[in-house]
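So the structure is just underneath, and the comments pick up after that.
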Amino acid sequence: MSFSYTFSAVKGIQAGREYYIAMIPLRLLSKIFNSEDEYLLPEYRAQRKINEQRIPEIRDYILDNPDTYVFSALSASIDGQFSFESSTLDENVGLLHIDMNAVLIINDGQHRKASIEVAIKENPYLGDETISVVLFKDEGLKRSQQMFADLNKHAVKPSKSLSTLYDDRDSLSNAVKDVISCIPFLNKYVDKEHDSLGKFSSKLFTLSNFLRANQRIIRTEDISDADNIFLKNYWSLIFAYIAEWQLMDNKRISKCSFKEDYVLTLSVVINAFGRLGHSFYTEHHDLNILKKLNDIDWLRTNPEWAGRIFNEKGKITGKDDSIIKICNLLKIKLGIELAKDEQVKENEIR
């Protein structure tokens, strides 16, 4: 073997085949991996095409979090000569030597690799850091294509609720979690893991939907301390001034009846509360007028929900148009003047 790259590595076996996990400096990714097959027809390459729009987001993630970023391993195949030199202490730990003339083809992780290359141009100090790469012996195009299919077939993105729960970098996510933790009713009835509720779920809302409602209130990524306080005050009153919440919580209304007979748990209604909150947030209405929410008939049989929540067939529409029209009714009940575009929507109902 001629000149070679040498990496610390661990040897393992999967499906009777040897593979290696190597620690590769980030600065070498652009040198050792082949990108030429990206321009071939899909049947002649082992990867999807790079989506250029994904690169800036991943690049910024690295550059914005140089002390805390984390990446899972890349997967690749070695087409060429290589050898593994075991250490004297453990035959499965040692050095992996890869001929410089060998071609390394990424089977999974090309967007991470491309984003890392761009990030290093802006922050060269990243080049000495490493990423783990799972390396297999190349067994031809068909095998590489099958590896790509197998690696992606069972990949499942986490729910938006769980991602929000675990994400401490996003200020709005943190503000929403603070709101939930300080309002006992929300903390009790928000599902923090799933994006949809099963028929027999003990929860009333999902964290992802509650996040969307708060995005309608504060339409910016940067949340100030004052914003955080406003969100806590606003939602505290929403759940304090509507008696049905307490009646259900105190078992005066069964949870099953509450879900089936009232509109208060519908995602469009929660988002309408979010839209209403934006009006309070920007126009500084007195939050105490939210007391009038208790005068609203929240039963699904209330004819006022027709054309707002329910269409002519009685089905829930669940669109932005519905959220505006529900919020319109809330504003009217609270004595808040409608904006011109809201009045147009109101005229549609009338």
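All of the numbers you see were taken from the coordinates with simple rules; none came from a lab. Everything quoted here is computed from the prediction, not taken from an experiment. All Cβ positions, even for glycine, are placed from backbone atoms using ideal geometry, and neighbour counts span all protein chains on display.
Lysine pair count for the stretch 4-153 with Cα-Cα distance under 18 Å and sequence separation of 8 or more or different chains is 8. If R0 is 45 Å, the Cβ-Cβ spacing of Ala243 and Gln14 corresponds to a FRET efficiency of close to 0.15. Kirkwood hydrodynamic radius of the stretch 84-213, from the reciprocal of the average inverse Cα-Cα distance over all distinct pairs: 19.5 Å.
Count charges around Asn123 for me, please; just the other residues with Cβ under 13 Å from its Cβ, Lys/Arg as +1, Asp/Glu as -1.
Working: positive: Arg27, Arg59, Lys121; negative: Asp60, Asp64, Asp67, Glu117, Glu122, Asp128, Glu129.
Here the count lands on -4.
Taken over the Cα atoms of the stretch 181-229, the convex hull encloses 87 Å³ per residue. Note on Cys256 and Thr6: their simple-model spin labels are 7.2 nm apart, each label 7 Å out from Cα toward Cβ. Straightening the chain between His285 and Arg212 buys 24.1 nm, computed as 0.36 nm per residue apart minus the Cα-Cα spacing.
Taking a temperature of 20 °C and a viscosity of 1.002 mPa s, what whole-number D in µm²/s does Stokes-Einstein yield for the chain with Rh from Kirkwood over alpha carbon pairs? Don't jump to the answer; show the numbers that get you there.
Numbers: Rh = 24.4 Å.
So the translational diffusion coefficient is about 88 µm²/s.
As a calculated quantity, the FRET efficiency between Arg219 and Lys31 at R0 = 35 Å, using C-beta atoms, amounts to about 0.20.
For the stretch 214-271, the Cα-based Rg and Dmax, in that order, read 14.2, 41 Å. Take the Kirkwood radius over Cα pairs of the stretch 160-349, plug it into Stokes-Einstein at 20 °C and 1.002 mPa s, and you get 126 µm²/s for translational diffusion. If you plug the beta carbon distance of Asn123 and Ser163 into 1/(1 + (r/R0)^6) with R0 = 22 Å, you get a FRET efficiency near 0.25.
In the stretch 157-203, which chymotrypsin sites (Phe, Trp or Tyr not before Pro) fall in coil by DSSP and have 15 or fewer other Cβ atoms within 10 Å? Mind showing how you got there, number by number?
Working: sites: Tyr166, Phe185, Tyr189, Phe200; in loops: Phe200.
The qualifying sites are Phe200.
The GluC sites (Glu not before Pro) of the stretch 231-330 that DSSP puts in a loop, and whose beta carbon has at most 10 other beta carbons within 10 Å, are Glu312. Computed extension length for Asn233-Ser201: 8.8 nm, one decimal, from 0.36 nm per residue of separation with the Cα-Cα distance subtracted.
Would you kindly give the portion of the calculated P(r) for the stretch 76-126 that falls above 15 Å, as a percent of all Cα pairs?
On the way: 824 of 1275 pairs.
That fraction is 65 percent.
Dividing the C-alpha radius of gyration of the stretch 4-153 by 2.2 N^0.38 Å, with N its residue count, gives 1.05.
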